[in-house]
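Trainee: My structure is below; once you've seen it, I'll send some questions.
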Amino acid sequence: MSDQESLGKESDDFCPRIVAFCCQRSAYRAADLAGEMHLGFPEGLDIIQVPCTGRVDLVYLLRSLEEGADGVLILACFEDNCKYISGNIRARRRVEYARKLLKELGLEEKRVAIGNLASNTPHRFVELTQAMREEIKKLGPSPLRAKQ
Amino acid sequence: MITAVRKPLNEIIEMVAPCEKILVTGCGTCVTIDYSGGAKEAAILASQLRIARRLGGKKLETLEQTVERQCEWEFVKEFTDHAAECQAIISMACGAGIQTVAAAFPDKPVFPGVNTRFIGMPQKQGVWEERCICCGNCVLHLTGGLCPFARCAKTLLNGPCEGSQDGKCEVNRELDCVWQQIYDSLKERGRLADLQKIFPLRDWSTGEDGGYRITVREDMML
Ligand code: SF4
Ligand code: SF4
């Protein structure tokens, strides 16, 4: 049995590593609030604060996977609510493009995703990160992790 | 500017298959502006190639380096140290840049990372359109600033053809008929009389059909 199969089989024990690039004006504050309210974060979540999700380059998404993430999530302001006008829309388009790059590699496109929220929606922060965790649990560990 | 698009990944994977360490090079000018072969695109390609190799159970080492312009000796020389460490070089510059790198490093395989497309301009953010085919004998002073060679599907000099309909080209209805545009442009500029002139048969030897072209400026030579 390969490493990957064995990791996949133990899916109940599988704790996805998810990197979340969080806009400092919305998602990062929502995460803070969720913490203060003890709403509970999904396990295995790595939060990276960015000034605007428009700053998240494609290569950050790929390198996160190279470094062992099972999934990468961008958490941006709601559309029409970006301090820098269109950073969140550019982030959405980049996620769409990144999915094509993953497809070229034969990797599951859903390993990269985007969600939108506001600074005063801590429950939504937990929902979005939890939903990503469930999605990645369905996919199983990243094949790259098994080949590290 | 010269525009390009990244080559399909599987083609590049095949080119580098025998290598364990490669140099992925970007060009800091035209292909940076059109997002096909600048420093960011070199980093993305290098990452994809490492991932692809790892998925196959092996390792690929990559170095990345971008210079101002790959179409000049002075700049490509900057690759020397990194190139010495690598078995092959991928150039993400246009065809001119790739050939300059290949000539500068004759002992290394040099692979194209992009397909060079055309001389053009960004019509709007994210959309590039062809504008010039380097004919070597410009007629833009007679055509209202619109190139009939680059923009007419039939390269007509005395257009439009009878297939022009509602301002669109019969070869591809998505494209504007440049001869309709030339008419509109000359009218707006009060120069419709230019249209009365018949262009004589054209000597294409100034274009690519006369063999590859060389420009010499003796006053600039050292
Ligand atoms: S190598 Fe090609 S893409 Fe780079 S500056 Fe020269 S012409 Fe432009
Ligand atoms: S007429 Fe010739 S030189 Fe002028 S834009 Fe067209 S192709 Fe280029």
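Trainee: Test B:Arg6 against the criterion of being more than 16 Å from ligand 2 (Cβ to nearest atom), open to solvent by 30 Å² or more (accessible area, probe 1.4 Å), within 21 Å of the chain's Cα centre (by Cα) and in contact (Cβ under 8 Å) with a residue 60 or more places away in the chain, and give yes or no.
Mentor: On the way: more than 16 Å from ligand 2 (Cβ to nearest atom): yes; open to solvent by 30 Å² or more (accessible area, probe 1.4 Å): yes; within 21 Å of the chain's Cα centre (by Cα): yes; in contact (Cβ under 8 Å) with a residue 60 or more places away in the chain: yes.
When the stated conditions are applied, B:Arg6 passes them.
Trainee: Could you grab me the full set of residues in segment A:123-141 that are crowded, with 21+ Cβ neighbours inside 10 Å and under 16 Å from A:Gly35 (Cα atoms)?
Mentor: A:Phe125, A:Leu128, A:Thr129
Trainee: Still on this structure, I have one more. Would a scan of segment A:68-83 turn up a residue that is open to solvent by 10 Å² or more (accessible area, probe 1.4 Å), within 13 Å of chain B (Cβ to nearest Cβ) and modelled with pLDDT of 95 or more?
Mentor: Looking for residues that are open to solvent by 10 Å² or more (accessible area, probe 1.4 Å), within 13 Å of chain B (Cβ to nearest Cβ) and modelled with pLDDT of 95 or more, one finds none in segment A:68-83, hence no.
Trainee: Can you tell me which residues in segment B:41-57 are of a type outside the set (A, V, I, L, M), closer than 12 Å to B:Ile22 by Cβ and in contact with a strand residue (DSSP E or B) (Cβ under 8 Å, 6 or more places away or on another chain)?
Mentor: Our first condition is that a residue be of a type outside the set (A, V, I, L, M); within segment B:41-57, this holds for B:41, B:47-48, B:50, B:53-54, B:56-57.
Next, from what is left, pick out any that are closer than 12 Å to B:Ile22 by Cβ: B:50, B:53.
Correct list: B:Arg50 only.
Trainee: From B:Ala43, B:Ala52, B:Ala83, grab the single residue that is crowded, with 20+ Cβ neighbours inside 10 Å, over 19 Å from the mean Cα position of the chain (by Cα), away from ligand 2 (no atom under 16 Å from the Cβ) and over 21 Å from B:Arg6 (Cβ atoms).
Mentor: B:Ala83
Trainee: Tell me whether segment B:21-29 contains one or more residues that are modelled with pLDDT of 95 or more, within 15 Å of ligand 1 (Cβ to nearest atom), surrounded by fewer than 24 Cβ atoms within 10 Å (Cβ to Cβ) and within 25 Å of B:Glu130 (Cα to Cα).
Mentor: For segment B:21-29, residues modelled with pLDDT of 95 or more, within 15 Å of ligand 1 (Cβ to nearest atom), surrounded by fewer than 24 Cβ atoms within 10 Å (Cβ to Cβ) and within 25 Å of B:Glu130 (Cα to Cα): present.
Trainee: Right, here's the next one. All but one of (1) within 16 Å of ligand 1 (Cβ to nearest atom); (2) of a type outside the set (Asp, Glu); (3) in the same structural domain as B:Ile12 (by TED's automatic domain parsing); (4) not in a strand (DSSP E or B) hold for B:Phe111; which doesn't?
Mentor: (4)
Trainee: Just give me the residues in segment B:114-131 being closer than 11 Å to B:Asp34 by Cβ and not in a loop (DSSP other than H, G, I, E, B), in sequence order.
Mentor: B:Val114, B:Thr116, B:Arg117, B:Phe118, B:Gly120, B:Met121, B:Pro122, B:Val127, B:Trp128
Trainee: Could you please give the count of residues in segment A:138-148 that are more than 14 Å from every other protein chain (Cβ to nearest Cβ) and in a helix (DSSP H, G or I)?
Mentor: 2
Trainee: Identify, please: which residue in segment A:100-137 is over 17 Å from A:Ala20 (Cβ atoms), assigned to a helix (DSSP H, G or I) and within 15 Å of the chain's Cα centre (by Cα) and is, among those, farthest from the other protein chains (Cβ to nearest Cβ)? Break it down into steps so the answer makes sense when it comes.
Mentor: Going residue by residue through segment A:100-137, those that are over 17 Å from A:Ala20 (Cβ atoms) are A:100-109, A:120.
Then drop every residue that is not assigned to a helix (DSSP H, G or I), which leaves A:100-104, A:109.
Next, from what is left, pick out any that are within 15 Å of the chain's Cα centre (by Cα): A:102, A:109.
Values: A:Leu102: 9, A:Glu109: 14 Å.
The selected residue is A:Glu109.
Trainee: Could you please give the count of residues in segment A:18-42 that are touching a helix residue (DSSP H, G or I) at 6+ places or on another chain (Cβ under 8 Å) and part of a loop (DSSP other than H, G, I, E, B)?
Mentor: Residues in segment A:18-42 being touching a helix residue (DSSP H, G or I) at 6+ places or on another chain (Cβ under 8 Å) and part of a loop (DSSP other than H, G, I, E, B): 5 in total.
Trainee: Kindly state which helices (runs of 4 or more DSSP H) lie completely within segment B:7-105 and contain at least 3 residues that are within 14 Å of another protein chain (Cβ to nearest Cβ).
Mentor: B:9-15, B:39-55
The values are calculated or read from the model by the stated rules, or taken from the named source; none is laboratory data. Quick caveat: nothing in here was measured; it's all calculated off a predicted structure. Note: ideal-geometry Cβ built from the backbone for every residue, glycine included; neighbour counts use all protein chains shown. These accessible areas exclude ligands, DNA and RNA; they are computed on the full protein's heavy atoms, side chains included. Shrake-Rupley method; radii C 1.70, N 1.55, O 1.52, S 1.80 Å.
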